[in-house]
1. Considering amide H positions built from the backbone, and no H for Pro or chain starts, which residues 5 or more places from residue B:468, or on another chain, come under 5 Å of its amide H?
2. More than 20 Å apart: what percent of Cα pairs in segment A:73-147 qualify?
3. Give me the extension gain from residue B:114 to residue B:364: residue separation times 0.36 nm, minus the current Cα-Cα distance, reported in nm with one decimal.
4. Over all directions, what mean area does the Cα convex hull of chain A project, stated in square nanometres?
5. Spin-label point model (7 Å from Cα, Cβ direction): what's the residue A:157 to residue B:330 distance in nm?
6. Quick check on packing: order B:342-351, A:121-130 by the mean number of other C-beta atoms within 10 Å, highest mean leading.
7. If only Cα atoms are counted, what is the Rg of segment A:107-205, and what is its Dmax, in Å?
8. Give me the extension gain from residue B:519 to residue B:350: residue separation times 0.36 nm, minus the current Cα-Cα distance, reported in nm with one decimal.
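Just so it is clear, none of the values below were taken in a lab; they were calculated from the coordinates. A quick note: this is a predicted structure, and the numbers were derived from the prediction, not measured. A quick note on method: Cβ atoms are made from the backbone with ideal geometry, for glycine too, and the neighbour counts reach across all protein chains shown.
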Amino acid sequence: MENLPFYQSHGSEIELFERAWRNNLPLLIKGPTGCGKTRFVAHMAAKLCLPLHTVACHDDLTAVDLVGRHLIVDGQTVWSDGPLTRAVREGGICYLDEVVEARKDTTVVLHPLADDRRILPIDRTGEILAAPPSFMLVVSYNPGYQNFLKGMKPSTRQRFISLAFDFPSATQEVAILIGETGIDEMLAKRLVSIANAFRALKDHDLEEVASTRLLVYAAMLIKDGCEPTLACRAALVETLTDDPETAVALREVIDATFGL
Amino acid sequence: MEEYVGELWHKLVTRVADKQHAEAAVSLDEMSKTAAIFFRALGGDAGLNLSAAPSTRHGARRGWRDRLATTGERIELCWRDGETLRLPEKIDIFTERSLNRDLYLWLVALLAANVDDSLPWIVRNQKATQVTLERFPGLVARYRRLINALLPLRPLPTSLPAAEAAQEAVIRQALIQPGSIHVLPPSKKQFQPVVLWTHPSPPMSANNKVSTSDGEPEREQSEDKNGVKSRKKHAAERTDMPDGKDGFLMMFRAESLFSWTEYINVNRPQDEEDDVESAALAAEDMDTMTIARDGETSVAKLRFDLDLPPAGEDDAPLGEGIPLPEWDYKKQIMQPDYCRLQELVSQQAEPCELPAQLRRTARRLRSQFQALAPTRTWLKRQQDGEEIDLDAWVLQEADLLSGKHSDSRGMYRAQVNQQRDLACLLLADLSLSTDAYASDHARVIDVIRDSLYLFSEALSATGDRFAMYGFSSLKRGNVRFNRLKSFDDRYDGLARGRIQAIKPGYYTRMGAAIRQASALLAAQPQRQRLLLLLTDGKPNDLDRYEGRYGIEDTRMALHEARQLGLRPFCVTIDREANEYLPHLFGAGGFAVIRKPEDLPKELPLLYAQMTR
């Protein structure tokens, strides 16, 4: 248990996760980037002592990539399991990160696994795998991305119970920064105040806002001895915008917090 | 000679008296974007516009040099009302440029602070200062620098008569130690304006002080109830602050009557003409012009309505007209059936071919866009893929068996899948402002027409479903929605004829048009639906549909569109669009085309990028 990844709970999500796992329910986690979705899953896997199979979904990911394929080895065809099949065989948590990024037909293979059948039919080999009780399917996605050609099919969505994540409250975020990096509270508070100022610019001047992850990065730089305004510029301003004028304004906000 | 000497004298004394530092000046133009984002980041209302504050008379004691030169009696201070954030057009108070810049940012931070507006001016400003410095400790040092630079520029209390000296001492104290002063002692003479604080009595609220607390005057109400008299008063009040940018009211004295014809900016009066009948009545007269003169204030107000063309010449209406709601942001309510939208189709349109000058571009676009058409193909001999490429494998095995050298080629097949399941509705602004010239030889409407042509050419090559409509409006009873091509129409000669027949007219009631377009688009079965808005300016109409009201209604209509699962996107040629489009469409939801003549070429490319 000493290797439990740090995770600051902000509600009843830990309890819900455990209940879902006990009852063999698949889970969907949605929330903006860098708010702790992946960390939460890693934390829960460690807590429940389950192996974690993570698949970062990308737009070329197909059902075959998840399930497996035939390979040619020494003039023979050999079946090779994909990560999803492996997770079903071994039990444990299969975590599909950013699942909407995958091609639309991909998510359909999840359907028989995600309802009460809990099976994975592999049509190429004719095998039908039944998931052991320890198997749990967790998917995550970021509803903020205006990915126009992508979205999740309602038929897929309705097989999951859903947890909505958002950026933590100011006090929790301060606790996270201290817990992650060990910076002092004053500094953590200032970083969080900057982040919240930037978050007010969402949908208006910034497409994506400062995530907790970026704040942790900034805090790490400062902890390492980096000058605070410089650290914030590198970790926050330049990461969030390419527009020079917006960057100037964001820097002003940082100077207004740390400035001389 | 007399004149010459006078001029010399003027130059001399103004130079002596001029306390400003032109070389260190910072202008609002260079600061506007930074200031706006800074304001929002510090928690300011994102719906506010940024605009230059008109200078106001401060009535404070001036030095003998100033009195001699009649300068220094006006000053630009900042304030905020329900629609606008007003900042000085330039700041050149300090000798150092960085201080002048800091003052801008300080004022923005001060205005972003949420302080009870009903507090007395001096308390309010101290409170705002305290709140701001507490939230943003990095500003403390900056504030100190500003105070240190400002205090030497203010009159010394010892140099003033007793009452004014007491006031000045109190103000100094309040600046140095915010929160320490609770009342401003009275004095006959106005105190020296405090540039670090907000305007003590912003011009807009000056006349309404009795009825409303501060900030935004209840314009519409007072006008509706009190009728002509109060309207005139209002007009007189507005003369104090001729608004350079928005220019919705035109003030002139009788002798300048002849110049009105040159005035392109269409007048948008303040009064509410809500009933549909008055709009219909207006349609009977051509170019009505009402001039109201007010003897007392020698200010007159010019209005002219644009009238609907006689029924015979107008586009043919389709159906009865559709009632649509409108959002009132002040009351925060949706007003049901508030607008009537009429779908029209041009009668004069005759089938035609693509204009000759566009054919080359169209051909190129077509071939480019055909690549986007849906295909589903298997690629052979891939290093990686879903299936084994049996042919390749057999060939390789055969090569090996026969002893031939075989380079290991890919033995898998991969499927390339380009599904396009999308519908697009293009909504073009056909208001009168598109009659303006966009470049030396083309009006905005011509640019829009070319864009529509090329857009249709490109989309018909991809096979995506698309529709095109144009819109304009004349008050809420006449929202005109011109059908150019519906989803079910083919893109043919007739559709081209309708595009050819578009003409500019009337105003821009965006909300209603967007609602109707959303409804049409939402009825499409495609999974991805794009609502593309092509415009040249802000929403506005002849009644109160302008400024924040129009913006907020449009915003609400776009919000509804998103709720319906549509994706709105705006393409504009309005260079000032950065001020209000982020509020409506979000940071990634619009594109500003700097050179309008590029629009026809840019539009299809934008579409391709968006849907790739």
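1. Sorted by chain and number, the residues that satisfy this are B:426, B:484, B:485, B:486.
2. I get 37 percent for the Cα pairs in segment A:73-147 exceeding 20 Å.
3. So the chain would gain 84.5 nm between residue B:114 and residue B:364.
4. 16.8 nm²
5. Using points 7 Å along Cα→Cβ, the separation is 3.8 nm.
6. B:342-351, A:121-130
7. Values for segment A:107-205 (Cα only, Rg and Dmax): 20.5, 61 Å.
8. Stretched fully, the residue B:519-residue B:350 segment lengthens by 58.0 nm.
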